[in-house]
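The values are calculated or read from the model by the stated rules, or taken from the named source; none is laboratory data. Keep in mind that what you see is a predicted model, and the values were worked out from it rather than measured. Because the Cβ atoms are built from the backbone with ideal geometry, glycine has one as well, and the counts that use them run over all protein chains shown.
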Amino acid sequence: MQPVIQINQGDKKGDIRNKVWDYIENENLANFPRPVHNRIPNFKGALEACSGVSHLEAFTKSTVVKVDPDKPLEGVRLAALQARKTLLVPTPRLKMGLFNKIVPPKGATKQVLHVCSTSRGIKEFSVPVGLEDSVQVNLVVVGSVAVSEKGYRIGKGEGFADMEYAMMACMGSVCDSTMIVTMVHDCQVMDIPEKLIEDHDLTVDFILTPSRIIQTECKRPKPQGIIWSKLDTELLTKIPILKKLRSLEQKAGKDVTLKPPPAGEYENDNLHEACQSQIQQELKWEPNCDPKSQQQQQQQQQGHLTAEDDKHARFKDKFHICPSSTIYIGDIPARLRVSELKNLLKEQEAVPLRINWQGAQHRAFLHYADSARAEQALQALTNLTVHGNTLRAEYVKSLKTNGTRKGGISD
């Protein structure tokens, strides 16, 4: 079957995601929740695609099935419960551990099992599974934004499915015989270049769509564990179970060295203080004084500081701006979310220290550690197109022109 969504040479994962999300929205191929951007799309025909799981030997022979909590996978969770299999779901954003086991009430009817398969059921009928609990997962079902018939998969960009599998590998819960299945709309099957797939990315063995079952016969090895050198201390703070796994692996003699912070960035507790120090130094503010410096007050009293200069100074204070290390992003599409912008910045290797998000005004301010990092980001973001809009990227210090700001910025 010829793919309906074409991938161009040079397209990155983010470009492919946006093409899929835009196509599904434009063709009205999704159910609630809408819009599908930044989600695993709940495509029309998801129940038909999920029904195909009962035809897989990997499902019929399994006793323990792990299924992601995405809406379009609801049918697989119901099928697992009806078949009296042990159903595991990841905890939300992995904050409280890795798995929860869905435990329906005794004598549950089909209607009750249906409730158990929903997001409500995951909250009401689940119990945590700890690292000390020995569990062997026979089948893993994940959501996808795009997949290829070769088994290459692209998720929504947060990396949780890849992380969950790597953590299961660390725990010994999965092995080479564990099958990976995904459900997508037919339009989500496309030719994904292998060069976009990294060693931590999860590949799939079966793709189920409303019209067909595809066995990928993917030869690319699946992650054998967590690649610690790709993680940073911030992620360990967000996902506490990673700290426990890292400690266990360290005791086992494995290399658990984390990724160092990018050159020029500050670490942990010193980050906010260092950034604020830079702001104060660059704008010549005293921390316990009015943001308008005594020099500015004197200049204004003597008539040397124009009202526009004073307004510009107050504008910088309002948004905590360092002109030489802050990038203004304008012409942001109305449907772009801050989470999507963060993923986009990550893909462009332009992650800032801090973001001032002003989506209602179609703009954002990106604060970097120094002018060198800001320059790299500016080059990466110049002429970048999102949802058909070319973003405007420039230094904040270049915004002041003839009493106005480019991009419609005003106080």
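Looking across the range 67-122 at every residue that is charged (D, E, K, R), in contact with a Pro (Cβ under 9 Å, 6 or more places away or on another chain) and farther than 25 Å from Ile207 by Cβ, the one that is modelled with the lowest pLDDT is identified as Lys95. Of everything in the range 158-180 that is part of a loop (DSSP other than H, G, I, E, B) and of a type in the set (Gly, Ala, Ser), the residue that is nearest to the chain's Cα centre (by Cα) is Gly159.
Checking Asn26, Asn38, Asn31 one by one, the residue that is farther than 30 Å from Lys101 by Cβ, of a type outside the set (Phe, Trp, Tyr) and assigned by TED's automatic domain parsing to the domain that holds Ser117 is Asn26 and no other. Scanning the range 38-50 for residues that are at pLDDT 95 or above and either charged (D, E, K, R) or part of a helix (DSSP H, G or I) (or both), we see that the one that is farthest from Val204 (Cα to Cα) is Lys44.
Yes/no per residue for (1) of a type in the set (Lys, Arg); (2) surrounded by 13 or more Cβ atoms within 10 Å (Cβ to Cβ); (3) touching a residue at least 24 places away in the same chain (Cβ under 8 Å):
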residue	(1), (2), (3)
Asp199	no, no, yes
Lys222	yes, yes, yes
Ile227	no, yes, yes
Arg246	yes, yes, no
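Look through the range 53-74, keep the residues that are assigned to a strand (DSSP E or B) and of a type in the set (A, V, I, L, M, F, W, C), and return whichever of them is nearest to Gly155 (Cα to Cα). My answer is Val67.
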